[in-house]
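First the structure, in the form of structure tokens, and then the observations on it.
The values are calculated or read from the model by the stated rules, or taken from the named source; none is laboratory data. The structure presented is a predicted model; accordingly, all values stated were derived computationally and were not measured. Virtual Cβ from ideal backbone geometry, glycine too; neighbours counted across all protein chains shown. Quick note on the areas: whole protein, heavy atoms, side chains included, nothing else; ligands and nucleic acids left out. Shrake-Rupley method; radii C 1.70, N 1.55, O 1.52, S 1.80 Å.
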Amino acid sequence: MPANGIRFGYWMPVFGGWLRNVEDEQMEASWSYTSRLAKRSEQLGFDLSLIAELNLNDIKGVNAPSLDAWSTAAALAAVTETLELMVAVRPTFHQPALLAKQAANIDHISNGRLALNVVSSWWEQEARMYGVHFEQHDDRYARTSEWLDVINGVWSEPNFSHEGRYYKTEGTVLEPKPVRKPRPTLYAGGESEAAKNLIAQKCDAYVMHGDSPEHVAAKIADMRERRERFGLEPMQFGIAGYAFTRETEGEVRKEIDRITDVKQNAKGYANYEQWLSGTQLEKKMSIEEYSVSNRGLRSGLTGTPQQVQDRIGEFERAGVNLLLLQFSPQLEEMERFSETVMQPAHTA
């Protein structure tokens, strides 16, 4: 049974879903659906929403709709009250001082509920389409490191000047500063040495793709050790997962079979292969894992309510503070998850 220490977050369906084999998940990529979902999620007890940033749709295919992360986040900030908005940001697509200004303004609109998910770009095709320079893996992390220095500088200092390899600012004034102190939380994920060292040194929270509690515990131990080397305060840890509950194991198996049937629809497979070639993942991913984004099924958050509650308890004991969940169809499955998993946990 999960304790109240775990926060429940979810991915905002800015791509119209998470299942590469199911063409219509009944969760359109639209402001109408997104705003309705955000408001309802607060009532259901969810703490956070991750708003991903891609200008192309890597799940449903490049010609499918995808919502802009930052304008969506600003609008959601104005129509929600308690939800933390973790907005993905890719340094290669945003000048740091300008993004810091934009983020500070959204933080004020939300009264201190903005957080950043710092992501190093991986999709070369998208970069070419949008006229953005695409860098090799470790070069992207070098840029991200300097980008974070500028962000922190303009958020914290009255006048900030910086001259580095990638960015130069002169006496930058950014007012008003963010509401959230000491700054909006910086989340980031990555599995290369360059990524892990950067995150341990310059971010506040480490977020992981779906995986078992055992593997997650080892990753957390590794990141805690890196963090201690820099003499910094403990980090937060989040894990992604695809989630649903059913009353019987037979119903669970039927739903798993439905979402992992790669023969249904595979428009995004070329994008998936390109993503794999541009990353340095610790494990080879299977064709079944192609079906659900972010290795969501590896977390094992599918099953009967008791099985899912037990699994969440395992993640909490491994050191996880935050679950970043995907559902399909989003609203209906979040309703069920809240009723069968979250509410019983909070009353136990």
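For residue 216, state whether it is within 30 Å of residue 331 (Cα to Cα) and in a helix (DSSP H, G or I).
On the way: within 30 Å of residue 331 (Cα to Cα): yes; in a helix (DSSP H, G or I): yes.
So residue 216 passes the test.
Considering only region 206-219, state which residues are crowded, with 20+ Cβ neighbours inside 10 Å and either farther than 23 Å from residue 18 by Cβ or hydrophobic (A, V, I, L, M, F, W, C) (or both).
Listed by number, the residues that qualify are 207, 208, 216.
Of the residues 128, 143, 180, which single one is assigned to a helix (DSSP H, G or I), charged (D, E, K, R), under 22 Å from residue 207 (Cβ atoms) and open to solvent by 30 Å² or more (accessible area, probe 1.4 Å)? Working first, answer last.
Details: 128 fails: under 22 Å from residue 207 (Cβ atoms); 180 fails: assigned to a helix (DSSP H, G or I).
None of the others qualify; the one that does is 143.
Quick one: would you say residue 177 is on the phi < 0 side of the Ramachandran plot, of a type outside the set (Phe, Trp, Tyr) and free of Cβ contacts under 8 Å to residues at least 40 places away in the same chain? Don't jump to the end; show me each part of the working.
On the way: on the phi < 0 side of the Ramachandran plot: yes; of a type outside the set (Phe, Trp, Tyr): yes; free of Cβ contacts under 8 Å to residues at least 40 places away in the same chain: no.
In short, no.
Against the definition (under 20 Å from residue 121 (Cβ atoms), open to solvent by 30 Å² or more (accessible area, probe 1.4 Å) and either touching a residue at least 24 places away in the same chain (Cβ under 8 Å) or in a helix (DSSP H, G or I) (or both)), how does residue 62 come out, yes or no?
Values: under 20 Å from residue 121 (Cβ atoms): yes; open to solvent by 30 Å² or more (accessible area, probe 1.4 Å): yes; either touching a residue at least 24 places away in the same chain (Cβ under 8 Å) or in a helix (DSSP H, G or I) (or both): yes.
Spelling it out, residue 62 is indeed under 20 Å from residue 121 (Cβ atoms), open to solvent by 30 Å² or more (accessible area, probe 1.4 Å) and either touching a residue at least 24 places away in the same chain (Cβ under 8 Å) or in a helix (DSSP H, G or I) (or both).
Going through region 9-48 one residue at a time, which ones are under 15 Å from residue 333 (Cβ atoms) and open to solvent by less than 10 Å² (accessible area, probe 1.4 Å)?
9, 10, 12, 13, 17, 18, 19, 25, 27, 37, 41, 46
Could you tell me which of the residues 308, 320, 262, 341 is in a loop (DSSP other than H, G, I, E, B), open to solvent by less than 40 Å² (accessible area, probe 1.4 Å) and modelled with pLDDT of 60 or more?
Working: 308 fails: in a loop (DSSP other than H, G, I, E, B); 262 fails: open to solvent by less than 40 Å² (accessible area, probe 1.4 Å); 341 fails: in a loop (DSSP other than H, G, I, E, B).
Checking each option against the conditions leaves just 320.
Can you spot a residue in region 199-209 that is part of a loop (DSSP other than H, G, I, E, B), modelled with pLDDT under 95 and touching a strand residue (DSSP E or B) at 6+ places or on another chain (Cβ under 8 Å)? Break it down into steps so the answer makes sense when it comes.
In the first step, residues of region 199-209 are kept if they are part of a loop (DSSP other than H, G, I, E, B); the result is 203-204, 209.
So of that shortlist, the ones also modelled with pLDDT under 95 come out as 209.
Keeping just the survivors that are touching a strand residue (DSSP E or B) at 6+ places or on another chain (Cβ under 8 Å) gives 209.
Checked against the condition, which is being part of a loop (DSSP other than H, G, I, E, B), modelled with pLDDT under 95 and touching a strand residue (DSSP E or B) at 6+ places or on another chain (Cβ under 8 Å), region 199-209 yields at least one hit.
Which condition does residue 108 not pass, out of (1) under 20 Å from residue 58 (Cα atoms); (2) touching a Pro at 6+ places or on another chain (Cβ under 8 Å); (3) open to solvent by 50 Å² or more (accessible area, probe 1.4 Å), if it passes all the others?
If we test residue 108 against (1) under 20 Å from residue 58 (Cα atoms); (2) touching a Pro at 6+ places or on another chain (Cβ under 8 Å); (3) open to solvent by 50 Å² or more (accessible area, probe 1.4 Å), just (1) comes out false.
Give me the pairs: first residue in region 145-169 and under 23 Å from residue 88 (Cα atoms), second residue assigned to a helix (DSSP H, G or I) and open to solvent by 60 Å² or more (accessible area, probe 1.4 Å), beta-carbon distance under 8 Å, and six or more apart or on different chains, which are they?
Here the result reads 154/101, each pair linking region 145-169 to a residue that is assigned to a helix (DSSP H, G or I) and open to solvent by 60 Å² or more (accessible area, probe 1.4 Å).
Return the pair list, or none, for Cβ contacts closer than 8 Å from residues in region 27-48 that are among the hydroxyl-bearing types (Ser, Thr, Tyr) to residues that are open to solvent by 40 Å² or more (accessible area, probe 1.4 Å), at least 6 apart or on different chains.
Hits for this filter: 30/65; 35/79.
Looking at (1) under 17 Å from residue 48 (Cβ atoms); (2) among the charged types (D, E, K, R); (3) open to solvent by 30 Å² or more (accessible area, probe 1.4 Å), which one does residue 101 not meet, given that it meets all the others?
Tallying (1) under 17 Å from residue 48 (Cβ atoms); (2) among the charged types (D, E, K, R); (3) open to solvent by 30 Å² or more (accessible area, probe 1.4 Å), residue 101 fails exactly one: (1).
Find all pairs meeting these conditions: Cβ atoms under 7 angstrom apart; at least six residues apart or on different chains; first residue within region 319-333 and closer than 13 Å to residue 19 by Cα; second residue of a type outside the set (A, V, I, L, M, F, W, C) and part of a loop (DSSP other than H, G, I, E, B).
Sorted first by the residue in region 319-333, then by its partner, the pairs are 328/17; 328/25; 329/25; 329/26; 330/13.
Please name all residue pairs, on different chains or six or more residues apart, with Cβ atoms under 8 Å, provided the first residue is in region 78-91 and is within 10 Å of residue 119 (Cβ to Cβ) and of a type in the set (Val, Ile, Thr) and the second residue is at pLDDT below 95 and surrounded by 21 or more Cβ atoms within 10 Å (Cβ to Cβ).
89/119
Looking for whichever is of a type in the set (Ser, Thr, Tyr) and under 24 Å from residue 20 (Cβ atoms) here; the options are 72, 80. Which one fits?
On the way: 80 fails: under 24 Å from residue 20 (Cβ atoms).
Residue meeting the stated conditions: 72.
Of everything in region 222-247 that's out of contact with any helix residue (DSSP H, G or I) (no Cβ under 9 Å at 6 or more places or on another chain) and among the small types (Gly, Ala, Ser), which residue is surrounded by the fewest Cβ atoms within 10 Å (Cβ to Cβ)?
Per the stated criteria, the residue is 231.
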